[in-house]
Structures are given as structure tokens and as C-alpha cells.
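Undergrad: Please read through the structure below; I'll follow up with questions.
The values are calculated or read from the model by the stated rules, or taken from the named source; none is laboratory data. None of these values were measured; they are calculated from a predicted model. All Cβ positions, even for glycine, are placed from backbone atoms using ideal geometry, and neighbour counts span all protein chains on display. For accessibility, only protein heavy atoms count, side chains too; no ligands or nucleic acids. Shrake-Rupley method; radii C 1.70, N 1.55, O 1.52, S 1.80 Å.
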Amino acid sequence: MDINLFKEQLFTEGAKLGFSDLELYYEKQAGFGCQIFKGEIDDYVSATTIGVSVRGLYDGKMGYAYTEKIDKDSVAFLLENIKENSLLIEDDPEELFDGNATYKDRDFYSTSLSNVTIDKKIQLLRDAEKKIYEYDPRVVQTDYATIQDTMVEKALFNNKGLSLQDRNNFLYVVFSVVVKENDEIKSDFYFKLTKDIDSLNPEEIAKEAVEKSLSHLNGKTYPNKTYPVILKGSAAANLLATFSPSFSAKSVHDNQSRLKGKVDTVIASEVVTLIDNPFLEDGTRSGTFDSEGVPTKELTVVQEGVLKTYFHNLKTAKKDGVESTGHGHKPSYKDSIGVSPSNFYVKPGANSYEELFGTMEEGIIITSLAGLHSGANQISGDFSLAANGYFVKDGKIIGPTNLMTIAGNFFELLKDIEMVGNDLEFSPMDYYGYIGSPSLKIKGLAVTVD
Amino acid sequence: MLNKALIEDVLSAALTTGGDFSEVYVEDRFTNLMKLQSSRLEDSLSGRNFGVGIRIFKGLNSVYAFTNDFSRDGLLQAASAAAQAIQGTASNKNIVLPLEKQTVKPLHPIQLLPNSVDKTRKLAILRHANQVARNYHSSISQATIALSEEEQHVLIANSEGTYVEDTRVRSRFVVNAIASNEHDMQTGFYGPGRLQGFEYIEGLDVDYYAEEAARIAVTMLNADAAPSGKFPVIIDNEFGGVIFHEACGHGLEAAAVAKNNSVFANKVGEKVASDLVTYIDDGTITNEWGSINIDDEGEKARKNVLIENGILKGYLIDKFNARRMNEKSTGSGRRESYKFAPTSRMTNTYIAPGQSTPEEIIANTEYGIYAKYMGGGSVNPATGDYNFAVNEAYLVKNGKVDKPLRGATLIGNGAKTIQKVDMVANNLGHGAGMCGASSGSIPVNVGQPMLRVSEITVGGREAN
């Protein structure tokens, strides 16, 4: 069924049932993904899916429901469930946004990316995989050699006349390489997200993926103690992503954030500035409106260590007597309106990664973290995470360590950041938003080496 | 869900370019989520997931397409788009065998479908749990109680003549409690679930789970930081089994084994674990959270012994990886939804009970860590390196449980850790969890009796 016809039926039937306000959120995703293994296409996925969710105001209370089946039956299913849910909800009343606002005129959809042929994408995989095997005899095989492109279209309509549309597309590759020497097996990966497939060079991919993997061979153990630590960009980004819910006003109101009551106070070292920019060219969360229809805008969340604002949606903003910051996002049409960042990152500093560890007498570089979904307490900020990395002595990388854990507290770590690198990287883990950081030099973290 | 003639046409259209196997997976799933937070119902979400996945194999090539356009044209278009990825020509081998509906014998009785029960009845249970958690102690500052339910209908048909339908109903009750003082916040969690309807929730000992979640949060608020170093570690039953889920289970999945990306590849018949370890994956246990009637490729659920008295017996195998391995499916092909091609996954995986008693294990440990409740973890299957968090830990001193510890993370290598299991108790228990991998997030049980590992690296904040 056509979405416009669906919308009309929904609004007409809804009015008959006594709904005063109705809003339809529509999301379409189309994607292509491919994985090769030793030259064979091992996995090939093409997909187009649609999902819609509806919010409705019944007797002054808001209810939600969603469906992936766009047909007449679903209109009845949605309205019936919204009504039942609205009668139960005890939360503060929600309002629909009237759309009386100015929206940035931006399109994050790259036509040239959408014109890249499937053959060209598969050829890139083949070329890079071949270069990986040729690069070093210690390469056993790839764990992943994958390309994925995604197009997302979002639209928001209500029965008061609001009608908004956004679209975005991007492509990413992941090459994870397994290397072996004697009996030791190690792996690491190359990840890049872009709108320009020509920026992906098979030789560079192979060089980076294989050298990163090889760099973990012949790990050694070192004494367990508190070391100065450098978190490489992607590791720092993963850590920031894990704790990003603390910056949401919703978490603050629910007593689930240690940043409660900290606006206009120092929460981080003065070298730290945190920015949320919904207009980044290559941002997966770039868009001109949030899931409530509020225009998005660039926001400085932390300026030189001082917390300037939380992320807000309409409801949290009303409670705090401020304006929504345009962060009323929902992770997908299946979720209710939450509060989350768009493209959120630590503002890069002046020093290179090499300059960061060049200043260390003795310390540890962390190249990757694991167990973020389990070893980090999002509320208290405590973390104890598995990590890979190198030992540094007199400003030089001595070599890899065995598997480590690093333990600390995110909110203390923010204050212990001594230097910020210039090598901004974004995390592939994007459940909470598209989140990035340059390499960070931390005063000290407890390190345990296996 | 779709008529037989249309399914046959889609299966045939998928084979027009030389594929040797095609499959259609239709899913219609109703979900409900109710969440009580700050003592009020903040979320009540209902939804319907619906879509079709089409899969084609040609030798070791696999192609998958999915859509929620269920019109005849939409499905045939998706099938031929997928077929385009296979560059060959159809021959007499590319045929679809006639479909004849097979009846699935349900192993797991369901009484009350989630949508047949009024939501106010559910809300009353959420409210009760909230009261119990908040009344536990004055330091409890927040409680989140959630009920998630789903009713999933699937139809699976393939060119080998498989044509089955199944209904899966799952209910899960989750309690999260936060305890806080002026300078700290700690959390406690318990989330029991089963492949069962609302009768499970109504019969649940809600007071016990709400109190346990609150007790963990309060205990951790007053706990010292865990020490760092190598210690004997005692892991309690139920969700404690997550360590072997990460350390061994993933490495026994065909997805890793077929490509030699596992330390357990090519080791059937060899000793890979301590003699005390028997490791089993069993999708047939009545109404358990990870149980199934059939897997997502239409194969019957079964009990697979993976490791017996330390000897590797077999793997968890799906249809595609079975080709690479020259083996047969073990009923282990699972997926989150039609948006994922299935691959080999676990169901209810557990370490079989041993001879010791829990009391003996504690009494025989001079100095070590007792992990009462485990959090989640992860593993790199290629290297076997794992990590996981302990939600509630204690120091063990001179054969007695001593002070509580927080922030303990265990790291190590799976293949080495299972060789170091030196005591296994007789109190097998299972715990519900969600497991994420390439075919999405699926419900699984992990399980074990209390057991001891002679040495694991513990990473805490007390570096010394």
C-alpha cells in the first residue's frame, strides 16, 4: 500500500475514533552488503524495508504503536493499540510539535554514491582481500572482508499539516585480519565509513589492516599498576559512546546520570570540548529535524571543561524551562521518543598521536576496548574493560602487551585528560549516535596485564 | 501467512540463475513492551514486525534478500534481484521439490498469548515489583521494571521440500534497581524469561527477583574495589554460565569453525577441556528461554553434546556452514528476524552437573574470588580471548566468603580457561540472556552448576 494512502486512512479512521492529534513517522531503509572469503562471495544481502510508527493523543494522553506491515489491517491494529497504551501511560503529557520553525536546507544524500555499481563494490572487496593475503606471510585469513551501503529516508507527518523529509546514505568497509606466528594468533581490523568509494584504496586498506594485526604479535606481560594511558581515537570514541546517555536530560531526570546538577560547572579538563553537529557531511546521524520534528542545530555540550547543556527533547526541555535542543531522537521506529546525540565528538586538539606518546616516560597505549556492553556501569561511570595495546618507554613504543584490563571511572577520566590529539575518528558502534574522538592522553588508569 | 503456490513461485524464481538451494522465511511478530520507571508507566509500546527473507545458495556462495513488500510482484522482484547475484544458468538441478506441509510437534506448551491478556493485569505486577524493590532499602533511588513479550509466527519453506510453520511466544521480566549515596550509584539486575506466555509471568516469584536486584545494588554500593591479578575464581550457577558461552560456545559455532576461525576447529575427538567439563546445547528443554520447536531453517530442535568429559564431540551447525564442513545441520540455524540470514547459534547451553557441593568448593578455596552474579561479556572467536564483567563478587579467604567486591572484570583465553576447571558442583541452573552475533540478537540460556577455575586474570581498580 502506498504510504500517502496509508497516512490518509490512518488520519481519517483516527479522527472517527476520537483521536485529537495523530503523527506518522516513516522510515525507509535500503541497503546492500557483501562479504567475501578467499575470493568467493560468502554473503550477499540486498534489502528494502519500511517501518512506520504512530503517536496519537486520545483523551489528552499519548499512545504509541508501530508496524512493518503497511496495509488496511494495520491501520486498525495501530489505532486500537495506541488507544489502549495511551490509557495506561502515566508519564508527563506529551505534545506534538506544530512545525512552526525554520529548517536547515541540507541534503545528506550522495547521488554519486547511489550510482556506484554492485560490481564496483565487490571488486573493491576482491582487490583489498588479495592485497591483504599478499602483504605478509603471517596472514592466516580474514575474519571479515565486508562492504555495506545504506540509504535511510525519514519522514514525519501529522494531522495539523506538518510534513518533513530527510535522507542520508553512506558506505562502510570492515576488513578484520587474522595473523599467526608460532602458536600465537592475533587479529585487528580496518574500518572506514564514507560517501566516496574512491577514497578507499585497496593497498592502504591492506597495509593498515595487516600492520595493525601484526603489531599485536609477541605480546609481553608488564607489572600491574596505574599507568599514564593513551586511548587511541576509536577506543576513546567507544568509551564516550558507552557513557553518552549521561548527557541526556532524560537520564538526569530519571536519577540515572552523575551529571545531574552540573550544568555550568567543570566536569572535564579544560582541554576538553564536546560538540554535537547534526550537519556533518559524513555523519550517519546527520539530519535537519529530530523524531519530534524539532529543527536540529549545532551544540557545544562541554566547552573547555564546562558542561553547557544536556541533550533535550520537547518533554525534558519543558520540565527544565529551556528549549528543545533537537535531540528527541528514537533509535528506530520501534522505539519511543528518547534523547540521544546526533554526531557527537571530542573537538580535536593540536598534537599528533606520535606527539602524545612522545611525552610519556612510561605508559600504555590502548588501541581497542572490548566488553563495553558489560564491563561499564553507564550510571556510576565505573568501568573495567578488556583492552589491547602497547607498552611505551621513554616516548617510544616498545611492543604489544598481552591482553589487559583497564579500570577507572568515566567522570574521573574526563578530568584526567591531559592532551587531546588531532586524529579524530568515529566509532563503528553507533547505537547511541555517531560518536567520535581523537586520541586522548589520560593521567592514569589501573592496568592489569594477563 | 503466504499461500503455497506463491511460495513455490518465489522459490523457483530464486533458482533461475543456477542456484542449487532456495529458501523463503516469512515472519509476523507482535511485540509488547511495558516499562515502569520513577514509579510510573513511562512506556507501553506495541508493534508488529512483518517481512520476508529469501535465501539462495550456489555451492559456497550465499545470497540473501529481505523485504516487507509482501505483494506477489514485490516478492518475485526480491527473488530475482537476489538471483542476479548468482551468475550462472539454470539446469535440471535447479528445481523446487513439491511442498508438503509438515506439522511441528510443539515441545513447549503455551497457555496465555500475550495479546489475550489485559494490560492492566500486567501493570499490576510491574507495580508490585517496583514496591518490593523500593521497599528493600532506603538507598534504593530508582527502579525500572519492564515486561517484554512477543508472539512470533514463522513460515519456512525451501527447495528441498521443507514447508513448516511455527509459533514462538516469549515473556521476560526485567528488574533494574539503582542504589545511591552522596557520591556513588550502583545497579542491580535480574531478568528471568521463558519461551512461554503470560502464565509464566503470573506464576513468577516477583518478590524474589525484585529483592535480589535491589540487594545486589545495595551490596555493591558498599563494596570495595576488586583487586587485580591472577586468582582462583569460583563462578556460581545460572547466569555464571556466560563465561563458557563466551569462552567456548561461540568457538564451537560452525560460523567460526567452518572457516578455521576457531581454536576448536579440526579437534573433534581431542581433549580440549578439563575431564570435569561436559558441555551441552539443548534446544528441547521444556519452555526454557533459549528453547525452540524448530530452528529458523525448519530443522527440529535437538540436544547436542559438544564436549564430553573434556573430549570435543561436535559443533553447532547451520545449513550453509554444513556445506563447507561436509556435515549436516544440528538444528542450530537461528536469526533475530527476517532482516538476518540465519547462521549457527546456541540455544540453551550449559555445563553438566558434577560431584562437588557448592559448600565444598568455597571451603576448599584458600584465597580467591567468588563471582555470585555475572554480567555479560564478549569473545574474539579467532583468538579465543574473552572478557566479562562480574555484577556481584566477593573475596574468598580461608574457605569462607569474605567482603563484597565491585568492578571485577575477568579476562583470558577460552581454550586455556576450560582446561583449568578444577571443581564442578551439583547445582545446575540456567539463566536467560540475549546473544548478539552476525544473525542478530537472539534469546539464549546460559547455564552451569557452581564451578571453580584454578586461575583467571581479574582486572580491578586496585592495581598493585
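Undergrad: Can you tell me which residues in segment A:81-95 are within 7 Å of chain B (Cβ to nearest Cβ) and acidic (Asp, Glu)? So that I can check it myself, show each step before the final result.
TA: Keep residues of segment A:81-95 that are within 7 Å of chain B (Cβ to nearest Cβ), which gives A:81, A:84-85, A:88-91.
A:Glu84, A:Glu90, A:Asp91, listed by residue number.
Undergrad: Working only within segment B:26-46, note down all residues that are more than 30 Å from B:Ile7 (Cβ to Cβ) and among the hydroxyl-bearing types (Ser, Thr, Tyr).
TA: Looking only at segment B:26-46, we keep the residues that are more than 30 Å from B:Ile7 (Cβ to Cβ), and these are B:33-45.
Correct list: B:Ser38, B:Ser39, B:Ser44.
Undergrad: Looking only at segment A:361-374, filter to residues that are surrounded by fewer than 20 Cβ atoms within 10 Å (Cβ to Cβ) and within 11 Å of chain B (Cβ to nearest Cβ); which one of those is nearest to A:Val252 (Cα to Cα)?
TA: A:His373
Undergrad: Which residues, taken from segment B:8-62, are more than 9 Å from chain A (Cβ to nearest Cβ) and on the phi > 0 side of the Ramachandran plot?
TA: B:Gly18
Undergrad: Only strands (runs of 3 or more DSSP E) wholly contained in segment A:264-375 count here; list those with 3 or more residues that are small (Gly, Ala, Ser).
TA: A:362-370
Undergrad: Can B:Ile95 be described as more than 27 Å from the chain's Cα centre (by Cα), more than 27 Å from B:Arg168 (Cβ to Cβ) and crowded, with 17+ Cβ neighbours inside 10 Å?
TA: No.
Undergrad: While we're here: Of these, B:Lys319, B:Lys300, which one is within 19 Å of the chain's Cα centre (by Cα), over 25 Å from B:Ile418 (Cβ atoms) and open to solvent by 20 Å² or more (accessible area, probe 1.4 Å)?
TA: B:Lys300
Undergrad: State which residue is nearest to the chain's Cα centre (by Cα) when the search covers only segment A:375-410 and only residues that are open to solvent by 20 Å² or more (accessible area, probe 1.4 Å) and within 13 Å of another protein chain (Cβ to nearest Cβ).
TA: Once the filter is applied, the top-ranked residue is A:Gln378.
Undergrad: Can you name the residue in segment A:152-196 that is touching a helix residue (DSSP H, G or I) at 6+ places or on another chain (Cβ under 7 Å) and open to solvent by 10 Å² or more (accessible area, probe 1.4 Å) and is also farthest from B:Lys416 (Cα to Cα) among such residues?
TA: So, considering only residues that are touching a helix residue (DSSP H, G or I) at 6+ places or on another chain (Cβ under 7 Å) and open to solvent by 10 Å² or more (accessible area, probe 1.4 Å), the one farthest from B:Lys416 (Cα to Cα) is A:Asn159.
Undergrad: Looking only at segment A:222-280, filter to residues that are within 14 Å of chain B (Cβ to nearest Cβ), within 25 Å of A:Asp450 (Cβ to Cβ) and of a type in the set (Val, Ile, Thr); which one of those is most open to solvent (accessible area, probe 1.4 Å)?
TA: Among those residues, the one meeting the criterion is A:Thr226.
Undergrad: Look through segment B:363-388, keep the residues that are among the β-branched types (Val, Ile, Thr) and open to solvent by less than 20 Å² (accessible area, probe 1.4 Å), and return whichever of them is farthest from the other protein chains (Cβ to nearest Cβ). First the steps, then the outcome.
TA: Narrowing segment B:363-388 to residues among the β-branched types (Val, Ile, Thr): B:365, B:369, B:379, B:383.
Retained after the next criterion (residues that are open to solvent by less than 20 Å² (accessible area, probe 1.4 Å)): B:365, B:369, B:383.
On the way: B:Thr365: 21, B:Ile369: 13, B:Thr383: 5 Å.
Only one residue tops the list, namely B:Thr365.
Undergrad: Considering each residue of segment A:29-59, count those that are open to solvent by less than 30 Å² (accessible area, probe 1.4 Å), within 27 Å of A:Val139 (Cα to Cα) and more than 7 Å from chain B (Cβ to nearest Cβ), and give that number.
TA: Matching residues across segment A:29-59 total 4.
Undergrad: Can A:Tyr135 be described as under 29 Å from the mean Cα position of the chain (by Cα) and either touching a residue at least 60 places away in the same chain (Cβ under 8 Å) or within 13 Å of chain B (Cβ to nearest Cβ) (or both)?
TA: no
Undergrad: Moving on to the next point. Identify, from the list A:Ala155, A:Ala101, A:Ala128, the residue that is assigned to a helix (DSSP H, G or I) and more than 14 Å from chain B (Cβ to nearest Cβ).
TA: A:Ala128
Undergrad: I'd like the full set of residues that are surrounded by fewer than 20 Cβ atoms within 10 Å (Cβ to Cβ) and under 36 Å from the mean Cα position of the chain (by Cα), limited to segment A:12-24.
TA: A:Ser20, A:Asp21, listed by residue number.
Undergrad: Right, here's the next one. Looking at B:Asp282, B:Asp318, which one is acidic (Asp, Glu) and away from chain A (no Cβ under 14 Å)?
TA: Working: B:Asp318 fails: away from chain A (no Cβ under 14 Å).
Exactly one residue qualifies, and that residue is B:Asp282.
Undergrad: So, one more: Please go through segment B:434-464 and pick out each residue that is open to solvent by less than 10 Å² (accessible area, probe 1.4 Å) and under 13 Å from B:Val242 (Cβ atoms).
TA: Hits for segment B:434-464 are B:Cys435, B:Val444, B:Asn445, B:Val446, B:Gly447, B:Gln448, B:Leu451.
Undergrad: Could you grab me the full set of residues in segment A:202-221 that are over 20 Å from A:Leu424 (Cβ atoms) and either of a type outside the set (Gly, Ala, Ser) or open to solvent by 40 Å² or more (accessible area, probe 1.4 Å) (or both)?
TA: Selection gives A:Pro202, A:Glu203, A:Lys207, A:Val210, A:Glu211, A:Leu214, A:His216, A:Leu217, A:Asn218, A:Lys220, A:Thr221.
Undergrad: Any residue that is under 22 Å from the mean Cα position of the chain (by Cα) and within 12 Å of chain A (Cβ to nearest Cβ) - is there at least one of those in segment B:184-195?
TA: Yes.
Undergrad: Could you name every one of the strands (runs of 3 or more DSSP E) located completely within segment B:157-254 that has at least 1 residues being surrounded by fewer than 24 Cβ atoms within 10 Å (Cβ to Cβ) and out of contact with any strand residue (DSSP E or B) (no Cβ under 8 Å at 6 or more places or on another chain)?
TA: Hits in segment B:157-254: B:163-181, B:184-190.
Undergrad: Now a separate question. Among (1) surrounded by 14 or more Cβ atoms within 10 Å (Cβ to Cβ); (2) small (Gly, Ala, Ser); (3) at pLDDT 90 or above, which single condition is A:Gly99 missing?
TA: (3)
Undergrad: Sticking with this structure for a sec: Within segment B:132-163, can you find the residues that are over 22 Å from B:Arg48 (Cβ atoms), of a type outside the set (Gly, Ala, Ser) and touching a residue at least 60 places away in the same chain (Cβ under 8 Å)?
TA: B:Val132, B:Arg134, B:Tyr136, B:His137, B:Ile140, B:Gln142, B:Thr144, B:Ile145, B:Asn158, B:Glu160, B:Thr162, B:Tyr163
Undergrad: For segment B:418-442, which residues satisfy the criterion of being away from chain A (no Cβ under 14 Å) and either polar (S, T, N, Q) or free of Cβ contacts under 8 Å to residues at least 40 places away in the same chain (or both)?
TA: If the condition is that a residue be away from chain A (no Cβ under 14 Å) and either polar (S, T, N, Q) or free of Cβ contacts under 8 Å to residues at least 40 places away in the same chain (or both), then B:Gln419, B:Asn426, B:Asn427 are the ones that fit.
Undergrad: Report yes if B:Asn445 is over 30 Å from B:Asp184 (Cα atoms) and in contact (Cβ under 8 Å) with a residue 24 or more places away in the chain, otherwise no. It would help to see each step written out before you state the result.
TA: Details: over 30 Å from B:Asp184 (Cα atoms): yes; in contact (Cβ under 8 Å) with a residue 24 or more places away in the chain: yes.
When the stated conditions are applied, B:Asn445 passes them.
Undergrad: Within segment B:120-156, which residues are within 11 Å of chain A (Cβ to nearest Cβ) and assigned to a strand (DSSP E or B)?
TA: Listed by number, the residues that qualify are B:Ile140, B:Ser141, B:Gln142, B:Ala143, B:Thr144.
Undergrad: A follow-up question, please. Consider only pairs whose beta carbons are under 7 Å apart and that are at least six residues apart or on different chains; among these, list those whose first residue lies in segment A:303-322 and is within 15 Å of A:Gly293 (Cβ to Cβ) and whose second residue is aliphatic (A, V, I, L, M).
TA: Hits for this filter: A:His312/A:Ala249; A:His312/A:Val322; A:His312/A:Val339; A:Asn313/A:Ile337; A:Asn313/A:Val339; A:Leu314/A:Val294.
Undergrad: Among the residues of segment B:285-294, are any of a type in the set (D, E, K, R) and either within 29 Å of B:Ile56 (Cβ to Cβ) or out of contact with any His (no Cβ under 7 Å at 6 or more places or on another chain) (or both)? Break it down into steps so the answer makes sense when it comes.
TA: Kept after step one, since they are of a type in the set (D, E, K, R), are these residues of segment B:285-294: B:288.
Filter again for either within 29 Å of B:Ile56 (Cβ to Cβ) or out of contact with any His (no Cβ under 7 Å at 6 or more places or on another chain) (or both), leaving none.
Checked against the condition, which is being of a type in the set (D, E, K, R) and either within 29 Å of B:Ile56 (Cβ to Cβ) or out of contact with any His (no Cβ under 7 Å at 6 or more places or on another chain) (or both), segment B:285-294 yields no hits at all.
Undergrad: Does at least one position in segment A:15-30 carry a residue that is hydroxyl-bearing (Ser, Thr, Tyr) and closer than 21 Å to B:Gly53 by Cβ?
TA: No, there is no match, as no residue in segment A:15-30 is hydroxyl-bearing (Ser, Thr, Tyr) and closer than 21 Å to B:Gly53 by Cβ.
Undergrad: B:Val117 - would you say it is away from chain A (no Cβ under 14 Å) and open to solvent by less than 40 Å² (accessible area, probe 1.4 Å)? Steps first, answer last, please.
TA: Working: away from chain A (no Cβ under 14 Å): no; open to solvent by less than 40 Å² (accessible area, probe 1.4 Å): yes.
The answer is no for B:Val117.
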